[in-house]
Amino acid sequence: MKFITFDIEDWFHILDHPETANPSSWSQFESRIDHGVGLILDLMAEHNLKGTFFCLGWIAEKHPHIIKRIDEAGHHIGTHSHHHQLAYEQTEEEYRADLSKSIQTLSDLTGKTVDAYRAPGFSIKESNLWAFDVMAEEGIRFDSSVFPANRAHGGLPQFTTDQPCKVITQRGHELIELPMNTASLLSQRFVFSGGGYFRLLPEWYLKHLFKSQEYVMTYFHPRDFDADQPMIPGLSLARKFKSYCGIRKALAKLDTILSTDSFSNLRELQSAPMATITL
């Protein structure tokens with residue numbers, strides 16, 4: 001199966017950057033979440049698709065109409081944490097409090113169970129595998145936090161599959177993991193189905209990559225399609241390139257991809273034999 005998912009955060013929710021790291025500083029930035037989410041919802045409606053939207057609890061607090069609009073359009077709402085902090089920089093207690101707050105905020109707003117999660121920046125790595133236990137204990141059934149390759153914000157290159165699997169946690173809980181899928185070029189694994197690689201790669205090559213794999217897990221953000229967003233202050237040249245390359249063509253690329261393939265949300269995961277990964 002191929003899954004269409006979005007991480008609902010604003011343009012200034014850039015990780016590991018001093019100008020934007022502290023939630024107390026976010027009020028100084030003009031919000032563009034309405035515009036970005038509007039582009040996404042219009043495109044999804046054109047293709048008659050229902051996706052999974054991993055939403056920040058902070059967005060639900062500050063812009064509840066956004067979450068209500070997503071929910072009323074029939075999409076599956078999961079959590080992307082409350083305050084968009086790197087999971088491996090938190091203690092287990094801090095992580096649990098943040099996750100629990102986001103679940104409660106989103107659930108109170110929609111009246112629905114929040115059963116899916118993606119960590120900010122895919123920030124689950126060897127040092128914080130306890131996060132899977134916390135997810136399960138807080139009611140998460142579907143997780144999409146595993147980035148099975150090297151990454152600036154963590155990654156689990158030792159994860160033995162980039163296919164949907166059942167994870168048995170260190171404390172014996174179970175959850176369904178839907179990791180990012182990878183492609184290989186010159187013996188290097190990379191993730192093409194969202195973020196900078198999607199924005200950078202040519203459309204013909206993306207079509208080939210999407211068609212060549214039976215399982216694809218996408219991840220997009222409102223800012224991936226907002227060509228008029230401001231520039232985050234203080235970014236290095238490398239991070240400016242990673243954050244802003246290809247934005248003007250990204251929505252048209254996604255439109256093409258959605259026109260040429262079939263996509264589902266996480267709750268539509270078909271019953272099929274899965275590998276079991278014991279942490």
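The values are calculated or read from the model by the stated rules, or taken from the named source; none is laboratory data. These figures come from a predicted structure and were not determined experimentally. So basically every Cβ, Gly included, is an ideal-geometry build from the backbone, and we count neighbours across all protein chains shown. Note: accessible area is taken over every heavy atom of the protein model, side chains too, but ligands, DNA and RNA are not part of it. Shrake-Rupley method; radii C 1.70, N 1.55, O 1.52, S 1.80 Å.
Values as computed for the structure displayed
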quantity: Residue match in the range 213-227 (condition: modelled with pLDDT of 95 or more, open to solvent by less than 20 Å² (accessible area, probe 1.4 Å), closer than 14 Å to Phe192 by Cβ and part of a loop (DSSP other than H, G, I, E, B)); calculated: yes
quantity: Sole exception among (1) in contact with an Asp or Glu (Cβ under 9 Å, 6 or more places away or on another chain); (2) farther than 23 Å from His153 by Cβ; (3) assigned to a helix (DSSP H, G or I); (4) open to solvent by less than 50 Å² (accessible area, probe 1.4 Å) for Leu41, by number; calculated: (1)
quantity: The range 175-200: number of residues that are open to solvent by 10 Å² or more (accessible area, probe 1.4 Å), in a loop (DSSP other than H, G, I, E, B) and closer than 22 Å to Val146 by Cβ; calculated: 2
quantity: The range 121-160, residues that are open to solvent by 60 Å² or more (accessible area, probe 1.4 Å) and either without any contact (Cβ under 8 Å) to a residue 24 or more places away in the chain or not in a helix (DSSP H, G or I) (or both); calculated: Lys125, Arg141, Asn150, Arg151, Ala152, Gln158, Thr160
quantity: Lys68 vs. criteria in contact (Cβ under 8 Å) with a residue 24 or more places away in the chain, open to solvent by 50 Å² or more (accessible area, probe 1.4 Å) and not in a helix (DSSP H, G or I); calculated: no
quantity: The listed residue being open to solvent by 20 Å² or more (accessible area, probe 1.4 Å) and either among the hydrophobic types (A, V, I, L, M, F, W, C) or under 20 Å from Leu175 (Cα atoms) (or both), out of Ala97, Ala87, Ala60; calculated: Ala97
